[in-house]
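Encoded as structure tokens, the structure appears first; notes follow it.
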Amino acid sequence: MMSSATAEERARRKAERKLEKQRQAAQYDLPRSMRPSVATKTITIIVLVLVLIYFLFPIYWAIIASTKTPAQMTGSNGMWFAVPLDQLPDAIATNYSKLLGWTRGNFWRWVLNSLIYSGVSALVGTIVSVMAGYATAKFNFRGKNAAIGIIMACMLMPSALLTIPMYSIFHTLHLTNTMLSIIIPCCVSPFGFFLGRTYAQSSVPDELLEAARIDGASEARIFFTIVLRLLAPAMVTIFLFLFVATWNNFLLPLMMVSSDTLKPVTLGLYGMVSLATFTDRGALMMGALLGVLPVIVLFLGLQRYWQSGLAAGAVKG
């Protein structure tokens, strides 16, 4: 009797879970007239698979190439390892030691420099962007439209054009060949301002701000205790964009920094390749692969936040 009752209870719970899943699926199901055809679904899947291969193939090739010697780079199958799988640890260790030798032991210092440049710039730039975006979205002041127009126009200006004027300014201030010469310019983001303003307009209710002001909260307290929580998805997206942009920045460090101990990983690897005696492309690919790992880890760790931030302003309500 107990066994029969338990079996019936399990069957009932299973039926309830199945019914709940059907209700949830029906809630998000499209009308028949709006459902995509089988051909559309097939073409979409094929296109997405091709795009996935396009983006993942360089990483796959870098992994393969980072285990090869210069002779194996040209004399073996480019799509697979040149040594048996049981010998891969030795091949990786050999290229890693060559990488440290070519960089005179500075490789991980360059990676640390890139983390400092990108992390500090992204953190400060994110706060500045959401502050400016929130202020222009929720406050009225003289010259507001002109300021917004100027900032939006800055999005159309190539960053390379600003490098030489920035070098002149920092050279006059005696800040060249310092970390600040890279961090300060990278803290300003017109795109971050645009995204922060758009998200603040759609996600921060005016009624909530008025209620906080009636309760006696100051504007600073409202921003840091209420608004920042509402702008979290946009902040993660801005942080990632600024982090990657600073990490990949090459021209600005090339102009500002001359000391080996201050170079980011992009400039350091470029200097290694520029040596007249450099021939070891396997060590170069090892450095490129290790240099991009922090960005991959950051994207994977924050993907559930920045995906929602990318849709900022798409739906207003």
**OP:** Kindly sort PHE170, PHE191, PHE241 by accessible area of their heavy atoms, largest first, with the probe set to 1.4 Å.
**Re:** PHE241, PHE191, PHE170
Original post:
Most fluctuating residue of LEU254, LEU293, LEU85 in a GNM of the chain with Cα springs under 10 Å: which is it?
Top reply: LEU85
Original post:
So what's the back-of-envelope 222 nm ellipticity for the chain, counting only DSSP H runs of four-plus at -39500 (n - 2.57) apiece and dividing by all residues, rounded to 500?
Top reply: -23500 deg cm²/dmol
Subject >> Förster-model FRET efficiency, 51 Å R0, ALA160 and VAL83, C-beta, rounded to 0.05 >> reply: 0.75
Subject >> Structure-derived Rg/Rh (Cα atoms, Kirkwood Rh): which label, when the choices are (1) 0.94; (2) 1.09; (3) 0.99 >> reply: (2)
Subject >> Residue-by-residue Karplus 3J(HN,Hα) for the range 263-277, coefficients 6.51, -1.76, 1.60, Hz, glycine and proline x >> reply: 6, x, 5, 5, 6, x, 5, 5, x, 5, 5, 6, 5, 5, 8
**OP:** On the full set of protein chains, 1.4 Å probe, figure out the accessible area of TYR270 and give it in Å² to the nearest 10.
**Re:** 110
**OP:** Take the solvent-accessible surface of the protein heavy atoms, probe 1.4 Å, and return the percent of it on the chain that carbon and sulfur atoms account for.
**Re:** 68
Original post:
Largest first, what is the accessible-area ranking of ILE183, ILE226, ILE45 with a 1.4 Å probe?
Top reply: ILE45, ILE226, ILE183
Original post:
For ALA11 and THR261, FRET efficiency with R0 = 51 Å and r from the beta-carbon atoms, rounded to 0.05?
Top reply: 0.15
Original post:
Over the range 76-214, with a single point scatterer placed on each C-alpha, what log10 of the ratio I(q)/I(0) does the Debye formula yield at q = 0.17 1/Å?
Top reply: -1.03
Original post:
For LYS18 and GLU210, what is the calculated FRET efficiency with R₀ set at 41 Å and r taken between the beta-carbons, to the nearest 0.05?
Top reply: 0.30
Original post:
Averaged per residue, what accessible area in Å² does the chain show with a 1.4 Å probe, protein chains only?
Top reply: 62
**OP:** Rank LYS18, LYS68, LYS138 by mean-square fluctuation in a GNM of the chain with C-alpha springs under 10 angstrom and give only the top-ranked residue.
**Re:** LYS18
Original post:
In angstroms, what radius of gyration and Dmax does the range 158-317 have, counting Cα atoms only?
Top reply: 20.5, 71
Original post:
Relative contact order for the chain: what is it in percent, counting Cα pairs under 8 Å that are at least 6 residues apart?
Top reply: 28
**OP:** Rank these residues by their accessible area, most exposed first, probe 1.4 Å: THR74, THR198.
**Re:** THR74, THR198
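The values are calculated or read from the model by the stated rules, or taken from the named source; none is laboratory data. Treat the numbers as computed from the prediction; the structure is a model and nothing was measured. Ideal geometry is used to build each Cβ from the backbone, glycine not excepted, and the neighbour counts take in all protein chains shown. These accessible areas exclude ligands, DNA and RNA; they are computed on the full protein's heavy atoms, side chains included. Shrake-Rupley method; radii C 1.70, N 1.55, O 1.52, S 1.80 Å.
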